[in-house]
Structures are given as C-alpha cells and as structure tokens.
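The structure appears right after this line, and notes come after that.
The values are calculated or read from the model by the stated rules, or taken from the named source; none is laboratory data. Being a predicted model, the structure only gives us computed values, none of them experimental. When we count neighbours, we look across all protein chains shown, and the Cβ atoms used for this are built from the backbone with ideal geometry, even at glycine. Just so you know, the surface numbers come from the protein's heavy atoms only, side chains and all, with ligands and any DNA or RNA stripped out. Shrake-Rupley method; radii C 1.70, N 1.55, O 1.52, S 1.80 Å.
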Amino acid sequence: MTIKLYNTLSRKKEIIRPQKEDLITMYVCGPTVYSHPHIGNARAAIVPDILFRFLQTKYSQVIYIRNITDVDDKIIEAAEKENTSIDKITNKYTEIYKNNMSGLGILDPTYEPKVTEKIPNIINSIEKIIKNGNAYVSESHVLFNTKSYDSYGQLSRKKLDEMIDGARVDVASYKKYPGDFILWKPSIGDSPGWKSPWGKGRPGWHIECTSMVKDVLGDDTTLDIHGGGNDLIFPHHENEIAQGNCMSKKNYCNHWFHNGIVLVDKKKMSKSLGNVILVNNLLKKSNKNILRAALLSTHYRQPLNWTKKTLSNASGLIQRLSSSIEHEKQETLDSTALDEISDILSDDLNTPEAFRYLTGLAKHAKRNKNDRYALMQSSMLLGIDLNHTTEEPDITDELRDKIETLLTKRSKLRNSGQYDEADTVRQELSDLGVSIEDSSGKTTWKIDADK
RNA sequence: GGCUAAGUGGCAGAGUGGUAAUGCAGCGGCCUGCAAAGCCGUCAACGCCGGUUCGAUUCCGACCUUAGCCUCCA
C-alpha cells in the first residue's frame, strides 16, 4: 500500500517514498520548555503521533525524532520571572510536557534530544556551513548568508527581496543583508552560553533542528519526512532547509507536512485574550479518548476551531463508539481488521473520515464480532482505547462511601416502590456530580465530566 | 501592503463535475416506575457574483469575510 501525504514543498498530496524499503525517518519540531503546554502544542504532537503509529504498521523500522528546546530567550525570561534557575525551569516544564503528552496517549519518539546536550554537534554543523561559504562571522555572531543559497524561499514560496521590503523591523548592524539569520549569537553577562570558536554564546533557533537531524541520521542522508505547525513554515523550516542543504550535498528532506493552527472561538490563542487552553486543565476534566477525538475530528491541515461544544461533541462520539463494546474482554485481534482504516489514513491522514468509518462499525459491533474487532483495533491505531473507558474515577474514599450509601438507599426505596423518595436520592447524587444509569437490573454511576 | 490557506445544516466537520457523509444538539417513537444509556426514524447546509460545461458545492476569475506567516509562536 502507498501512503499519500500532502507535501508543503509541492503543495500537493504525494506518495511517501522512503529511500530505504524498510526504514523511514521523520523529524518533528518539539516544544520550547518554558510554560505549560497548550492545546496547540497538543495538536502539533498528536498529528505526528498518528503518522508515527500508522508508519509503524507499514515499515519495519521507523525513526522518529522530536527535539526539546531548552535554550531560548523565553526560557531565560521565565527563569527570571519565577525567580529560579534555567535548569529548574527546563526540567520542570520538560517533565510537565512529557506527562501531558502521555496523558494524551502520545507515544514517545525514538529519539528526543535536548539542545543543551548537543552543543558540540551544533558548533560542528555551523563550522561546516561556514566552510562551505554559506555563513559568515560578524561581531561575535555567526550568520547564514541567504544570498548564497539560490533556492531560499522554496518552501514558503516567498521572494527574499519582497520580504525585506515589507519588513517592519530594523536591520541589525551585524547583518550583511537583512534576510540573513543567526546561527550563533553571543551570550553576555551570566546568560547561558558555551565556549565556541566565536566566543561564549548559544545557538540560534533554527540550527538545532538541522543539527540534530544530521546527528542522528548522519551528514550524507536525506530525511524522509519533516513536520511541524504551519506557523513554522517561515522562517524556521525555510531556514532549516537552507542550512541542511548547505551542510551536505544530500537533499535535506523530501517530504514536509504541516498541521493547522488551533483557534479558540475562531481567534488565535493568546495570553492577552486570556483564551489559552492548557492540556493540564483538559486532562483534569476530560480523558484521553475524548481529547484525542476532539483533536483528530478535524483534518490535520485545517484550522481546528475549539469551542465550548468541542468536548461535548467528542464525548458523544466516544460514548457512541465505546457503548457498542463496553465490558468487552481483551481478546486477540485479527490483523486484517486494520485494512479499511489504513486505506482511509493513507489518503493524507483523513482522520475525520476515519471516525465516520468507526461510527459505521459501531452500528453493527454489538452483534457482529468482526466489526467489533475492527472497531477496537482501528480505534487503537488512532490511540483510542475503547476497552478502558470505564476506568475507576479518581475520587476520595469518603466520597466513594457516600455514593455507595446513597445507591444502596435508593435501591431499597425502588424495590419497595417508593419512587418519589428514590428520585430524591438520585437528585442528591446529581448534586454530588454523580450521574447514574439503571440497566439490566444493575445501577452504574459515573462522575460527570464537567463537574 | 506582500505571501499562504479557508468559507458546507443550530454546532463540529468529510466529500464529490450529475442534486451532499458522520458526530453532537433538536424533534418523534421503542425501551424504562421515571430518567439516563441504547436502538429506530426525522428536520436542516455547499459566502457572494460572473465564466467554462448538457450540468458546478466541486474547475476558472473577481469580490466579500476569516485565519496564518512576513516579529525566535506548535
């Protein structure tokens, strides 16, 4: 089977063609660890997660690299603001990022390099670019010479001179040309820095990714797939391509994919609007399955508009899927069950279409074992585990006792036909945020998601 | 201003050159002591204006609107 994925370079869906038959390589820009991950970070992680899961079903080896940026001006600011050290900030937020992502069921990448651990490689990469005549040293900075690279602008389809004309920012004195970007910059005072041929300093933003790709795969290799949020197309990925192609004779990367932005009520999230939605908070009031459904029910290239109804829509969808196989025991699943969902995903990761397929299966899953298997296994490919939707909620023993007492009380009242009194008890439970269901002689309860 | 995308029912969101999936919500029914859940049924949409075509929501062009990038934002 072939997998088609939209390639930002050509603006077309293209068949993924790895250079080796059984091995495929992918790199995705990871987080800068200075604050809590928000829903946009989650989307940028879950889209490659789906691709990663899918590729693993098709190739015997998938190398997936996602970096952690732990040197950055914003980190330095955050450390000052929280009155602590840079290490503490980056360790804290790296931990939170990892917890949040695993809370969303996002698989760990094969490699997860940190910038601070790769400084020697980065310096080495910069030296190569200088040596090849594509970068220059100026006032303790190293700058990439964009004029020396003819194809600059190929990804974002921008013309360098036009960009410069429209720019609103003053040109730094150390730049030969306004479009040049920083590979290495000096660290002044006690800001973090490393010894280098150009003095104490730290890497520019773009070089870390290029350097890590080359570090893991080797200089003379071409990356198969590179992804990230579409706000990274320019300048970040454009610059990566320039650097990568000037470091080695091999093409930097063949296939670029970009996920759309997350909007909140059709507006971009920003601290000033106070509409930033954090993964932490979502995980508290919802669960992995629902959040994944919410993030994946929009095609990855489209903007995802997050509204008040997003979670309840997704919750209904998951409810619909899981109700058909609730209480199902884990059974060995048939490998051909994945054929149809693979077909759907192989057309540019069409996850909304995948959900349509899943709901179709759910219709017959109660009676048809094959459909039930296909539903469970196909959902798993999206990282949705329908077998674990009835997990015990995390509540205090005290509350649990109280709920049990009320349930017993109501049950007795119902058995003796005192329905008005039983309904009063149900209301008491509802006030505690507990909703109940009587089905086939048993009463089950759950904590309401929004309480 | 330049570049890049997008506008589908109440909400969300696929898809297609021949009259448009799916989920949520709504409505009706079955079930239930009543609810809930489930099941069955049902209402309802292709921004605007031209062009190409036997036929356009789909292709082309203009316009309007929205969003992103051009500022080390995923």
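By the helix-only formula, in which each DSSP H run with n ≥ 4 contributes -39500 (n - 2.57) and the sum is divided by residues, chain A has a 222 nm mean residue ellipticity of -13000 deg cm²/dmol.
In terms of its C-alpha gyration tensor, chain A comes out prolate, because a/c is 1.5 or above and the ratio a/b outweighs b/c. Placing a label point 7 Å from the Cα of A:Lys284 along the Cα-to-Cβ direction, the residues of the stretch A:432-449 with a backbone N closer than 20 Å are A:432-434, A:447-449. Taking each residue as 0.36 nm, the span from A:Ile15 to A:Ser173 lengthens on full extension beyond its C-alpha to C-alpha distance by 52.4 nm. The alpha carbon centroids of the stretch A:13-46 and the stretch A:347-383 are separated by 24 Å. Shape class for the stretch A:286-388: oblate, because the ratio a/c of the largest to smallest gyration tensor axis (alpha-carbon atoms, square roots of eigenvalues) is 1.5 or more and b/c is at least a/b. Let a ≥ b ≥ c be the square roots of the eigenvalues of the Cα gyration tensor of the stretch A:4-262; is it rounded (a/c under 1.5), or, if not, prolate (a/b larger than b/c) or oblate? Judged from the Cα gyration tensor, the stretch A:4-262 comes out oblate (a/c at least 1.5, b/c at or above a/b). Straight-distance candidates among the aspartates and glutamates for linking to A:Lys366, with alpha-carbon spacing under 14 Å and chain neighbours fewer than 8 residues away dropped: A:Glu326, A:Glu328. For chain A, the fraction of 1.4 Å probe accessible surface lying on carbon and sulfur atoms is 46 percent. Measuring r between the beta carbons of A:Ser270 and A:Glu398 and using R0 = 30 Å, the FRET efficiency lands at 0.15.
Per residue, the accessible area of the stretch A:208-284 comes to 39 Å² when a 1.4 Å probe rolls over the protein heavy atoms. Pairs A:Lys81/A:Lys114; A:Lys13/A:Lys131; A:Lys74/A:Lys214: which exceed 29 Å Cα-Cα? Beyond 29 Å between Cα atoms: A:Lys13/A:Lys131. Extension gain for A:Phe234-A:Arg356 works out to 40.5 nm (0.36 nm per residue, less the C-alpha to C-alpha distance).
Residue pairs exceeding 26 angstrom between C-alpha atoms, taken from A:Lys92/A:Lys271; A:Lys158/A:Lys268; A:Lys92/A:Lys175: A:Lys92/A:Lys175. Available extension along the chain between A:Tyr111 and A:Ser156 is 13.5 nm, counting 0.36 nm per residue and deducting the alpha carbon span. In percent, rounded to a whole number, the relative contact order of chain A is 16, using alpha-carbon pairs under 8 Å and six or more apart. Placing pseudo-labels 7 Å out from each Cα toward the beta carbon at A:Lys74 and A:Gln61 gives an inter-label distance of 3.5 nm. Take the Cβ atoms of A:Ser138 and A:Gln319, set R0 to 51 Å, and the FRET efficiency comes out at 0.25. The angle separating the long axis of helix A:369-381 from the principal Cα axis of greatest extent in chain A is about 40 degrees. Against chain A, whose longest principal axis is taken from its Cα atoms, helix A:119-131 shows a tilt of about 40°. Remark: chain A carries a charge dipole of roughly 820 debye about the Cα centre, counting +1 on each Lys and Arg Cβ and -1 on each Asp and Glu Cβ.
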